[in-house]
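Notes follow once the structure below has been shown.
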Amino acid sequence: MPNRTSKIFPVVGSSGIKRLMRKSKFDNMFDVVFISQHSISFLKDGEMNRLLKQGADVYVESPKYLFPLDSKCREEIENRIFEMADNLRYNRIDTEELNPGFYHFRS
């Protein structure tokens, strides 16, 4: 079994994410990232891609259990998430049945 080292970097708030993005030592470092609904804007410009390894898993929190949304509003938010992921050329991994609280993409 290969010896792997796992590192967890909990980053809270936009200032923490921006600080992480400014440090080159984090470039191409992450195999997996979890993005909350409140931090989803970091997917828009693709700057976060610099931090991801090739083929990294990207999990985006679904609004499904966070906000009381009608189906039309939830669908609009989902479409925006999918559009951002498409613009970044992420592949969608269908995990809705396994974990309906997150959308899973691969960079």
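Please treat every number below as a calculation from the coordinates, not as lab data. From a predicted model like this one, the values you see are computed outputs, not experimental measurements. Glycine also receives a Cβ, built like all others from the backbone with ideal geometry; neighbour counts cover every protein chain displayed.
So the values come out like this:
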{"read-out": "About the Cα centre, charge dipole magnitude for the stretch 2-68 (Lys/Arg +1, Asp/Glu -1 at Cβ), debye", "value": "280 debye"}
{"read-out": "Tail fraction, Cα-Cα pairs, the chain, threshold 19 Å, whole percent", "value": "46 percent"}
{"read-out": "Modelled FRET efficiency - R0 30 Å, Leu66 with Asp27, Cβ distances, 0.05 increments", "value": "0.45"}
{"read-out": "Low-density loop cleavage sites - trypsin sites (Lys or Arg not before Pro) in the stretch 12-92, where at most 13 other Cβ are within 10 Å (DSSP)", "value": "Lys23, Lys44, Arg89"}
{"read-out": "Cα-based equivalent ellipsoid, the stretch 26-66: semi-axes from gyration tensor eigenvalues, Å", "value": "20, 11, 7"}
{"read-out": "Computed helical MRE - 222 nm, the chain, DSSP H runs ≥ 4 contributing -39500 (n - 2.57), nearest 500", "value": "-8000 deg cm²/dmol"}
{"read-out": "Length released on extending from Arg80 to Lys44, taking residue separation times 0.36 nm less the Cα-Cα span", "value": "12.0 nm"}
{"read-out": "Whole-Hz ³J(HN,Hα) from phi, Karplus 6.51 cos²θ - 1.76 cosθ + 1.60, for the stretch 6-17, glycine and proline x", "value": "9, 10, 10, 10, x, 10, 10, x, 5, 5, x, 5"}
{"read-out": "Beta bridges by DSSP in the chain, antiparallel share as percent, to the nearest 5", "value": "60 percent"}
{"read-out": "Fully extended contour minus Cα-Cα distance, from Asn99 to Lys53, at 0.36 nm per residue", "value": "14.2 nm"}
{"read-out": "Within straight-line cross-link reach of Lys7, aspartates and glutamates at Cα separation under 12 Å, skipping those fewer than 8 residues along the same chain", "value": "Asp31"}
